[in-house]
Amino acid sequence: MIYIFHLLDKPDAAALRQRVRPEHKIYLATVADRIAFAGPLLAGDGQTMVGSLLAIDFESRAAADAWLASEPFNLAGLYARCEVHGFTNLWPQRVGFPPSA
């Protein structure tokens, strides 16, 4: 099942996010073949990162929770709020989105 990770940063956490981001990306790479989509949530200015939204396939909720427990941003204390939800995609994937940065 795909699990959605809705993760919101603590206020004024931009420096911590930038410092830990390389570890976060390495950790994401360990499940790259199971990522439906992933990226930062942005503030109203369209540039300031304020959280993360990830959609990753896991065999169970327990596996998704275990993955999040070891996620570098989570371990560093970046997130003020973490929500994990099972997700069923009922809408066809749109092609032609801008490429990831």
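Readers should treat all values here as calculations from the given coordinates under stated rules, not as data from a laboratory. Only a predicted model underlies this, so the values are computations on that prediction, with no experimental measurement involved. Ideal geometry is used to build each Cβ from the backbone, glycine not excepted, and the neighbour counts take in all protein chains shown.
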Local net charge near E23, Cβ-Cβ under 15 Å (Lys/Arg +1, Asp/Glu -1): +3
Loop-located GluC sites (Glu not before Pro) in the chain whose Cβ has at most 16 other Cβ within 10 Å (DSSP): E59
For A36, distant residues with modelled amide H under 5 Å away: A55, I56, D57
Rounded FRET efficiency, nearest 0.05, which uses the C-beta distance separating A14 from V95 and R0 of 35 Å: 0.60
Shape call, the chain: gyration tensor on alpha carbons, a/c limit 1.5: oblate
R0 of 30 Å, Cβ-Cβ distance S70-F37: FRET efficiency to nearest 0.05: 0.90
Residue-wise HN-Hα coupling along the stretch 12-28, computed from phi with Karplus coefficients 6.51, -1.76, 1.60 (Hz; x: Gly, Pro): 6, 9, 4, 5, 5, 4, 5, 5, 8, 3, x, 5, 4, 5, 5, 5, 4
